[in-house]
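Worksheet: the structure to be examined is printed underneath.
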Amino acid sequence: MKNKETSFEKITIGLEIAPGLTVIGGPYFEIRKASSGKQYKYKFYDLQCFCGTVKRTRDSHIKSGLLTSCGCKRGGRQEDGEAARSLAVFNFRKTLKLRGFTTTLTDKEIIQQKSLPCTFCAEPHSCTFGVNKNTGYFRCNTLDRYDNNQTSYEVGNIITTCRACNSGHRVMTVPEYLSYCYNVFEVNQKYQKGSRFERIHTRLLAGDIHTACNRQQITLPPLGAIIASNQVTEQKAKHFNSSTMSSERRKKE
């Protein structure tokens, strides 16, 4: 039975037949004996799943449009959380490709970086990936560029951030973002108790943010220079507030 909405008439290398399930080889032909005893010639293609598995599959199964994975979505094929981690890496690489960015990071390095707490506010995780409840989940943070003018995600230009800090830093440099958060708490301490601004303020004064950046091979300006660089324009501040509120709303949902 075909799924008319997702069926394929022509199979080519690079065809993504489902999110994370791509044709990487073929066609291959094999002679197989049917239950009736007759021999038939079948066509196969190699499919690579987002979990890393490569599986040889009949063309009729691919054309049906019913395949969604190598079978890992049914559970029991990988260790707990492995499929979710593979999905996180797949989505990260796909997003970079769509945005025209590059990276030389290995899958293991991507997982290690995304598993760290937010460099700025120390949020342990702000994203959750999972295929289904049987394969486990991967809770992590996002990866951002220290210098937004560069198009590569490389060691020395990547920082681990929560979704809120990632959105806030989008239109600011890192020193500008830290300075803005620091001054927001300085001016509104009464209303910012327990907020992300307070955490950034505290971590900045304690040197924790500088230490976290050093571990990721990033050199921040001295504390005094960051505090003094309060050059955030009204337009940037407006974008920061709107993007932060949206990120916080998504987190609550």
- List, in the order given, every pair from K41/K63; K10/K43; K114/K190; K43/K97 whose Cα-Cα distance in the structure shown is over 22 Å. K114/K190; K43/K97
- Estimated inter-spin distance, L15 and T102, nm [label 7 Å along Cα→Cβ]: 3.1
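Based on the Cβ-Cβ distance of N214 and K190, what FRET efficiency does E = 1/(1 + (r/R0)^6) give at R0 = 25 Å, to the nearest 0.05? The partial results should precede the final answer.
Working: r = 33 Å, r/R0 = 1.33.
After rounding to 0.05, the efficiency reads 0.15.
FYI, it's all coordinate maths here, none of it is from the lab. What you are looking at is a predicted structure, and each value in this text was computed from that prediction instead of being measured. A quick note on method: Cβ atoms are made from the backbone with ideal geometry, for glycine too, and the neighbour counts reach across all protein chains shown.
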